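All remarks here apply to the structure that follows.
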Amino acid sequence: MILPQKHSATGTTIFTVMSALAQQHNAINLSQGFPDFPIDERLAALLGEAASTGYNQYSPMPGLPMLRQAIANDFKKRYDLKVDADNEVTITPGATYAIYAAFTSVLQSGDEAIVLEPAYDSYIPNIEMNGAKAVPVPLAAPTFNVDWDRVKAAISPRTKAIIINTPHNPTGATWTREDWDTLADILRGTDIAVLSDEVYEQIIFDGKEHYTVLQHEELRQRSFALFSFGKVFHNTGWKIGYCIAPPMLTQAFRRIHQFLSFAVNTPAQYALAQYLATAHDGLIWKMMQQKRDYFLELMQQTPFTIHRPAGGSYFQVAGYEHISDMPDLEFAKWLTETCGVATIPVSPFYSNKQDDKLVRFCFAKKEETLKAAVGRLMSLKEARITS
Ligand code: PMP
Ligand code: GLN
């Protein structure tokens, strides 16, 4: 059989590669982004309650009404935004799926979609799986600010989508209200859809506020805002996310979703609905900021360079130019194997595999994990390793 190459990515995603390597070498895993601390016992109990009280059959295609309503209430409470639970919210099996479904809703063969790089590694394959072409626009290290002239230059009559990610994986950069205004100016008069990947919306630091695309009235009309409970309630393995989009885009999204997964895990939706309605304090950032600060303080004892503290997300990018001149993938593998700490190299977040000699650490870990990891990294002080 000759099977089609549906996308240009070769090999297995870097998150799987590095987590597997971490396991193989018994390394402390600061690579793939997931917390190593438990979820709230009450949330766990609600999942059991859902199964034992009979929430075990298919949920309605758009998601359990009680969860969609809880999400609408949550957006009212946290952003003072009106969200229509029936016509604007769709529950998905995670945000990765929602990104694919949103791209599939708007892209046809021959279309183009703009991706700001470095970018989460599913974006470009998802665009290509729809027969469309990804047009990368680089964000330059170390600030990773948007070069708006390059964004404008990337737009063609075939451009049908642009994907934004704030807070940003892997750089931790965050968008301001002015960034959204500039994007609105650029997109005005086009039929380009915005996919706004906001999975880290509640993990933002130093007193900054998250600006969701939903707060931008003009952009909201052309946007799919994509979220994940995994990042908010520390349960990445539940794989439940959601898409908020205006009714016309939601209809297009559901036309795809109904034939992709049709519905999403019912007991998990029940548990999240109950939990969101009663226990959500919206203060996840506080706990994560403590972890970021603790991690940054510890990292000062190592030869890694922190060019800019993460403004959000649960990732910190660091330079290793004082340790080695190896390419970043080689360095990350070496670090896992010989030092016992797994990270993610940044080059796989670029389509041209640009190597700025940076690795990404996930600090969504117990303090003892971070301390043990940095304890190992401190041994690099004496070292200068060449490939
Ligand atoms: N977008 C970004 C930027 C991410 O880092 C992640 C990480 N998982 C996702 C989307 C996917 O979220 P989910 O686990 O809900 O699929
Ligand atoms: N979002 C997480 C990360 O960037 C995990 C993604 C994944 O494993 N696909 O590490």
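The values are calculated or read from the model by the stated rules, or taken from the named source; none is laboratory data. This structure is a prediction, so every number in the text was calculated from the model and none was measured. Glycine also receives a Cβ, built like all others from the backbone with ideal geometry; neighbour counts cover every protein chain displayed. Protein only, heavy atoms only, side chains kept; ligands, DNA and RNA dropped before computing areas. Shrake-Rupley method; radii C 1.70, N 1.55, O 1.52, S 1.80 Å.
Could you check the range 34-46 and list, in sequence order, the residues that are out of contact with any His (no Cβ under 7 Å at 6 or more places or on another chain), closer than 22 Å to VAL199 by Cα and open to solvent by less than 80 Å² (accessible area, probe 1.4 Å)?
The initial filter retains those residues of the range 34-46 that are out of contact with any His (no Cβ under 7 Å at 6 or more places or on another chain), namely 34, 36, 38, 40-46.
Filter again for closer than 22 Å to VAL199 by Cα, leaving 34, 36, 38, 40, 43-44.
The answer is PHE34, ASP36, ASP40, LEU43, ALA44.
Test GLN32 against the stated conditions and say whether it is assigned to a loop (DSSP other than H, G, I, E, B) and out of contact with any strand residue (DSSP E or B) (no Cβ under 9 Å at 6 or more places or on another chain). Don't jump to the end; show me each part of the working.
Numbers: assigned to a loop (DSSP other than H, G, I, E, B): yes; out of contact with any strand residue (DSSP E or B) (no Cβ under 9 Å at 6 or more places or on another chain): no.
Considered against the rule, which asks whether it is assigned to a loop (DSSP other than H, G, I, E, B) and out of contact with any strand residue (DSSP E or B) (no Cβ under 9 Å at 6 or more places or on another chain), GLN32 comes out as no.
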(request) Please work out which residue is farthest from ligand 2 (Cβ to nearest atom), limiting yourself to the range 113-130 and to residues that are open to solvent by 10 Å² or more (accessible area, probe 1.4 Å) and over 18 Å from PRO170 (Cα atoms). (result) ASN130
(message) Checking SER351 against (1) out of contact with any Leu (no Cβ under 9 Å at 6 or more places or on another chain); (2) in a loop (DSSP other than H, G, I, E, B); (3) farther than 19 Å from PRO138 by Cβ: exactly one of these is not met. Which one?
(response) (3)
(message) Taking the criterion of being outside any loop (DSSP other than H, G, I, E, B) and either within 16 Å of ligand 2 (Cβ to nearest atom) or among the aliphatic types (A, V, I, L, M) (or both), would at least one residue in the range 73-86 satisfy it?
(response) no
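For every residue, the table says whether it meets (1) within 15 Å of ligand 1 (Cβ to nearest atom); (2) at pLDDT below 95.
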residue: MET61; (1), (2): no, no
residue: ARG68; (1), (2): no, no
residue: ILE71; (1), (2): yes, no
residue: LYS77; (1), (2): no, yes
residue: PRO93; (1), (2): yes, no
residue: THR104; (1), (2): no, no
residue: ALA119; (1), (2): yes, no
(message) Checking PHE361 against (1) away from ligand 1 (no atom under 16 Å from the Cβ); (2) within 21 Å of ILE203 (Cβ to Cβ), only one condition comes out false. Which one?
(response) (1)
(message) So in the range 101-112, with the set limited to residues that are without any contact (Cβ under 8 Å) to a residue 60 or more places away in the chain and among the small types (Gly, Ala, Ser), which one is surrounded by the most Cβ atoms within 10 Å (Cβ to Cβ)?
(response) GLY110
(message) Just the residues that are touching an Asp or Glu at 6+ places or on another chain (Cβ under 8 Å) and polar (S, T, N, Q), please, taken from the range 131-162.
(response) SER156, THR159
(request) Within the range 6-28, track down each residue that is within 15 Å of ligand 1 (Cβ to nearest atom) and either surrounded by 15 or more Cβ atoms within 10 Å (Cβ to Cβ) or part of a loop (DSSP other than H, G, I, E, B) (or both). (result) THR13, ILE14, PHE15, MET18, SER19
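Run down PRO93, PRO65 and say which single residue is open to solvent by 10 Å² or more (accessible area, probe 1.4 Å), in contact with a Gly (Cβ under 9 Å, 6 or more places away or on another chain) and touching a residue at least 12 places away in the same chain (Cβ under 8 Å).
Values: PRO65 fails: in contact with a Gly (Cβ under 9 Å, 6 or more places away or on another chain).
Within the list PRO93, PRO65, the selection yields PRO93.
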(message) Among (1) surrounded by 18 or more Cβ atoms within 10 Å (Cβ to Cβ); (2) within 16 Å of ligand 1 (Cβ to nearest atom), there is one condition VAL83 misses while meeting the rest; what is its number?
(response) (2)
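Counting just the residues of the range 2-23 that are polar (S, T, N, Q) and touching a strand residue (DSSP E or B) at 6+ places or on another chain (Cβ under 9 Å), which one comes out farthest from ILE127 (Cα to Cα)? Steps first, answer last, please.
Step one: list which residues in the range 2-23 are polar (S, T, N, Q), which gives 5, 8, 10, 12-13, 16, 19, 23.
The next check asks that each one be touching a strand residue (DSSP E or B) at 6+ places or on another chain (Cβ under 9 Å); those that pass are 8, 19, 23.
Numbers: SER8: 10, SER19: 25, GLN23: 31 Å.
Residue satisfying both the conditions and the ranking: GLN23.
Would a scan of the range 283-291 turn up a residue that is open to solvent by 10 Å² or more (accessible area, probe 1.4 Å) and not in a helix (DSSP H, G or I)? Let's see the steps before the verdict.
First pass over the range 283-291, keeping only residues open to solvent by 10 Å² or more (accessible area, probe 1.4 Å): 283-287, 289-291.
Subsequent filtering for residues that are not in a helix (DSSP H, G or I) retains 283.
Yes: one or more hits.
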(message) Is it the case, given these coordinates, that THR159 is open to solvent by less than 40 Å² (accessible area, probe 1.4 Å), more than 16 Å from ligand 2 (Cβ to nearest atom), touching a Gly at 6+ places or on another chain (Cβ under 6 Å) and within 28 Å of ASP355 (Cα to Cα)?
(response) no
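Say whether the condition of being under 15 Å from ASN26 (Cα atoms) and either surrounded by 19 or more Cβ atoms within 10 Å (Cβ to Cβ) or within 16 Å of ligand 2 (Cβ to nearest atom) (or both) is met by at least one residue in the range 352-362.
Applying the first criterion (under 15 Å from ASN26 (Cα atoms)) to the range 352-362 yields none.
No, the conditions are met nowhere in the range 352-362.
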(message) Please go through the range 209-232 and give me each residue that is under 19 Å from the mean Cα position of the chain (by Cα), open to solvent by 10 Å² or more (accessible area, probe 1.4 Å) and touching a residue at least 60 places away in the same chain (Cβ under 8 Å), ordered by number.
(response) HIS210, SER228, LYS231
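Select, from LEU335, LEU272, the only residue that is more than 26 Å from VAL359 (Cβ to Cβ) and in a helix (DSSP H, G or I). Outline the logic, then answer.
Working: LEU335 fails: more than 26 Å from VAL359 (Cβ to Cβ).
Selected residue: LEU272, the only one of LEU335, LEU272 that is more than 26 Å from VAL359 (Cβ to Cβ) and in a helix (DSSP H, G or I).
Name the single residue, out of those in the range 249-269 being outside any helix (DSSP H, G or I) and hydrophobic (A, V, I, L, M, F, W, C), that is farthest from ALA95 (Cα to Cα).
Step by step, filter the range 249-269, then rank; the result is PHE259.
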